[in-house]
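The structure under discussion appears below in the form of structure tokens.
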Amino acid sequence: MAPFRILSFDIECAGRKGLFPEPTHDPVIQIANLVTLQGSDRPLVQNVMTLKSCSPIVGVDVMSFDTERDVLLAWRDFIREIDPDIIIGYNICKFDLPYLLERAEVLKIAEFPILGRIRNSRVRVRDATFSSRQYGVRESKEITIEGRVQFDLLQAVQRDHKLSSYSLNSVSAHFLGEQKEDVHHSIISDLQNGTAETRRRLAVYCLKDAYLPQRLLDKLMYIYNYVEMARVTGVPISFLLSRGQSIKVLSQLLRKAKQKYLVIPNIKGQGSASDTFEGATVLEAKAGYYEKPIATLDFASLYPSIMMAYNLCYCTLVTPEDARRLNLPPESVNKTPSNETFVKPEVQKGILPEILEELIAARKRAKADLKEAKDPFERAVLDGRQLALKISANSVYGFTGATVGQLPCLEISSSVTSYGRQMIEHTKKIVEEKFTTTAGYEHNAEVVYGDTDSVMVQFGVPTVDAAMNLGREAADFISGTFTKPIKLEFEKVYFPYLLISKKRYAGLYWTNPEKFDKMDTKGIETVRRDNCLLVKNLVTESLHKILIDRDVPGASQYVKNTISDLLMNRIDLSLLVITKGLTKTGDNYAVKAAHVELAERMRKRDAATAPNVGDRVPYVIINAAKGAKAYERSEDPIYVLENNIPIDPQYYLDNQISKPILRIFDPILPNARKELLQGSHTRALSKSTPSNSGIMKFAKKQLSCLGCKAVISGSNQTLCSHCKGREAELYCKTVGNVSELESLFGRLWTQCQECQGSLHQDVLCTSRDCPIFYRRRKAQKDMAEAKLQLDRWNF
DNA sequence: AGCTTGCTGAATACACACCTATTGC
DNA sequence: CTGCACGAATAAAGCAATAGGTGTGTATTCAGCAAGCT
């Protein structure tokens, strides 16, 4: 089969006003295109279609047009000529494609929206909302272009990766290690209305936006992964981006049922969303810091293997009524712990177990092939396949328990979890009964924690090697007590292990006794996205010092230094940005929350840049009157930066840092609270910049002495009478300060120029995801202030 | 007049239920 | 074959758990004031 032809594109339009640029006013001014063949990194075509003249770009076909109509029609012809199989871009489904179509409509270009592979078939657009517990609410548009797959990288990344920000800039930085500049929409108009040279600048920017999605597609192996997934589950690729998990399971069910001449009922509005079933057992966490190795035993694909072992399926379920009618002998049925009856495979083999068997067997083959494969291309294919199979297997159980889904069957899902609960309890019991001193082992084993399909065991032995051997022995022994194919596996050892509570722990992860693989953290601030970076870094660094370096005093000192920096206002604003997802529209919230209120406020300020449902809202907490609620104190970081609003360090200490740090240090450091949060380092408070709101509005600004800050009056504008003699020294200090800030600003500026790919042009970027941006802006402000001070010497 | 006492409303503290976000498996 | 009006259905894996914030009701503390006493 010929490789796919992939088109990546991006558009720029002038003057975005309002939420969506106004199609009646704002013309499309540029379209950048990049065509590649799948698996090749050499572009087939690179071009830019622009309105008005544009200076040439090396290696790029620049096409200038006089009217917007010509631009749009040129693009349509280009699509037809290139005939791409796959159209990609960033946010093309919600922005670029619908915008082009609406714009064509406004300009009455009826012949524009014929882009598909069916003759004379028009492209159709429909509003679509997708909502699921897993992905939240997402608004998008469904665009039908027959014969071409649209693959929006934004949608794919949002589904597959949990990130704090999904801007193209931040996603590229994360996966490709390279940033792009973020240009504010007002500047786009200026560049377009400038000269051929500034339009060239815009074209380069636009091209980069087409270039990055292509790189992401490649790097994340999306084609392989999604094509494999589509093949395995039997759904179109578009479903994988626009629909949920359940359609995949349903599709497999239908395929299998057809082979067996079975039909699947079309159930409507049966199970209500309120009826639910009991889930898995989470064993009580014996919280603490363990300095002996903890072995972890895991069931391999627990729920799928339960469904296979006990033949759980729609077609093997025996309802009480069936039981009376059929009068089955007890030896031909299984009774589940939740008191449901299913026939054994000898009577009737279930469809679900068959689907699962195939998925798991195929995954095993894929994994084995993966091990053999050396060629990176082949490895990518096989890894994509095994991942797809794993995910498919895991969502079969969820499908049966989805009461608002197409085919709920709580008898199956509650049986699965009831077996699971029984099994984890059984495992815990066996481990603690078998591995005892009375049975000849060195120590009594103790299960310190376990969740759903795993148990964490402290065998009491001091070395990783010994723990591994006992872990393997236990796994083999216990596996033997279960029905096939249920299997308990020894997977890893944690040493040392910090158990904070259920679903929250950290430890060093060992799979071979010589060296640990990594530091593993679960559920704590290091992996959560609703904390500011400062907390994340602080916790990560502390754990690193405690677990890897075994340096508790060092960790403690590090925490103290950070707290001191925070209270002295020496922390970079980008580290204090908290982000939270906006999960529903403003008025659907029952209580006021910081990010929701801020989103509303931002909408009033400028609807174009305000966050929408499904977006993540970044904010910082600013200083305010005592007793003000957090939702009154949240503010957009860029707004804070632009208006010099003081943040509230005390809030960050009390509400962000203190509890997570104490949770970590409490089991390790006696008197952690006193030591870390109440020491002398917490007393050095720097005065924050007075804000121009509230009471400070009435305060009159007076000059103060540059030497001692005393208020001065009269003719002397620089120094008070006391400091008069130190004139030379203080002047040098001011000059030194200015030059230091200038060089800092210069360095940051250069860094941004490098990022934008040119050292000869102005930096336009205002990316709220980039730490350098915040530092550059701050340096600029500080520098301006220092210069003002310097000016006062020249009276 | 100056002090104490008792009352009252406001401010504060605290426990509790509930909502929201997020993660683990 | 296309465009338009109208109506109906659409689709959504699961539960367990922690933590932070808001709102509410109740208890406690405190400042301010008037009355009473010396």
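Angle between the Cα long axis of helix A:97-106 and the longest principal axis of chain A, 0 to 90 degrees, nearest 10? Between helix and principal axis, roughly 60 degrees.
The shape of the stretch A:118-186 can be summarised by an equivalent ellipsoid whose semi-axes, obtained from the alpha carbon gyration tensor, come to 27, 18, 13 Å from longest to shortest. Nearest 10 degrees, 0 to 90: what angle lies between the long axis of helix A:222-233 and the longest principal axis of chain A (Cα atoms)? Its long axis makes an angle of about 30 degrees. For the stretch A:33-84, the equivalent ellipsoid built from the Cα gyration tensor has semi-axes of 22, 15, 5 Å, listed from largest to smallest.
I'd like the distance between the alpha-carbon centres of the stretch A:440-518 and the stretch A:390-416, rounded to an integer number of Å. Centre-to-centre (Cα) distance: 29 Å. Maximal additional length on extending the residue A:196-residue A:357 stretch stands at 51.7 nm, based on 0.36 nm per residue less the C-alpha distance. In chain A, taking the dipole from charged Cβ atoms about the Cα centre, the farthest positive-side position among A:130, A:419, A:595 is held by A:595.
Charge dipole (Cα centre; +1 on Lys/Arg Cβ, -1 on Asp/Glu Cβ; no other charges) of chain A amounts to roughly 1200 debye. For the stretch A:120-212, the dipole from Cβ point charges (+1 on Lys and Arg, -1 on Asp and Glu) about the Cα centre works out to 280 debye, to the nearest 20. Here the Karplus curve 6.51 cos²θ - 1.76 cosθ + 1.60, taken at θ = phi - 60°, turns the phi angles of the stretch A:451-467 into couplings of 9, 6, 10, 9, 10, 9, 10, 9, 7, x, 6, x, 10, 4, 4, 5, 5 Hz, with x standing for Gly and Pro. Placing unit charges on the Cβ atoms of the charged side chains and taking the dipole of the stretch A:747-793 about its Cα centre, the candidate lying farthest along the positive direction among A:748, A:793, A:783 is A:793. Computed log10 I(q)/I(0) for chain A at 0.09 Å⁻¹: -1.10, from the Debye equation with unit scatterers placed on every C-alpha and solvent omitted. Under the combined filter of DSSP loop state and at most 10 neighbouring Cβ atoms within 10 Å, the stretch A:342-411 retains these trypsin sites (Lys or Arg not before Pro): A:374.
Please list, by residue number, every one of the GluC sites (Glu not before Pro) in the stretch A:456-550 that is coil in DSSP and has at most 14 other beta-carbon atoms within 10 Å. Listed in order of number, the matching sites are A:514.
When the listed pairs A:364/A:487; A:536/A:580; A:260/A:349; A:536/A:659; A:335/A:390 are checked against a 19 Å cut-off, the alpha-carbon distance exceeds it for A:335/A:390. The order of A:112, A:342, going from fewest to most other C-beta atoms within 10 Å of their C-beta, is A:112, A:342.
Placing a pseudo-label 7 Å from each Cα along the Cα-to-Cβ vector at residue A:262 and residue A:178 gives an inter-label distance of 5.2 nm. If you take the alpha carbon atoms of the stretch A:168-257 and fit the smallest convex hull around them, that volume is 116 Å³ per residue. Here the relative contact order of chain A, from alpha carbon pairs under 8 Å that lie six or more residues apart, stands at 11 percent. Stretching residue A:476 away from residue A:367 to a fully extended chain increases their span by 37.0 nm, per 0.36 nm per residue minus the current alpha-carbon distance. For the Cα trace of the stretch A:91-210, dividing Rg by the Kirkwood Rh returns an Rg/Rh value of 1.01. Helix A:410-434 and the longest principal axis of the C-alpha atoms of chain A enclose an angle of approximately 90°. Of the chymotrypsin sites (Phe, Trp or Tyr not before Pro) found in the stretch A:88-194, the ones in coil according to DSSP and having at most 14 other Cβ atoms within 10 Å of their Cβ are A:135. The base-10 log of I(q)/I(0) for the stretch A:332-473, evaluated at q = 0.17 Å⁻¹, reads -1.06 [Debye formula, identical scatterers on Cα atoms, solvent excluded]. Normalised by the residues of the stretch A:1-153, what does the relative contact order come to in percent, with Cα pairs under 8 Å and at least six apart? Averaging sequence separation for qualifying contacts and normalising by length gives 21 percent for the stretch A:1-153. Dipole of the stretch A:9-112 computed with +1 at Lys/Arg Cβ and -1 at Asp/Glu Cβ about the Cα centre; of A:29, A:62, A:14, farthest Cα towards the positive end is A:14. For chain A, adding -39500 (n - 2.57) for each run of n ≥ 4 DSSP H residues and dividing by the number of residues yields -13000 deg cm²/dmol at 222 nm. So if the hydrodynamic radius of the stretch A:258-383 is defined as the Kirkwood radius over C-alpha pairs, what does Stokes-Einstein give as its diffusion coefficient at 25 °C and 0.890 mPa s, in µm² per second? In µm²/s, the coefficient rounds to 129. The shape of the stretch A:520-599 comes out oblate: with a ≥ b ≥ c from the C-alpha gyration tensor, a/c is at least 1.5 while a/b does not beat b/c. Please give the length that would be gained between residue A:83 and residue A:568 if that part of the chain were fully extended, namely 0.36 nm times their separation in residues minus their C-alpha to C-alpha distance (nm, one decimal). Using 0.36 nm per residue and subtracting the Cα-Cα distance, I get 168.6 nm.
Taken about its Cα centre, the stretch A:511-624 carries a charge dipole of roughly 300 debye when the Cβ of each Lys and Arg holds +1 and the Cβ of each Asp and Glu holds -1.
Since every read-out is calculated from the coordinates, none of them should be taken as a lab result. In this text the structure is predicted, and so the values were computed from the model without any measurement. A quick note on method: Cβ atoms are made from the backbone with ideal geometry, for glycine too, and the neighbour counts reach across all protein chains shown.
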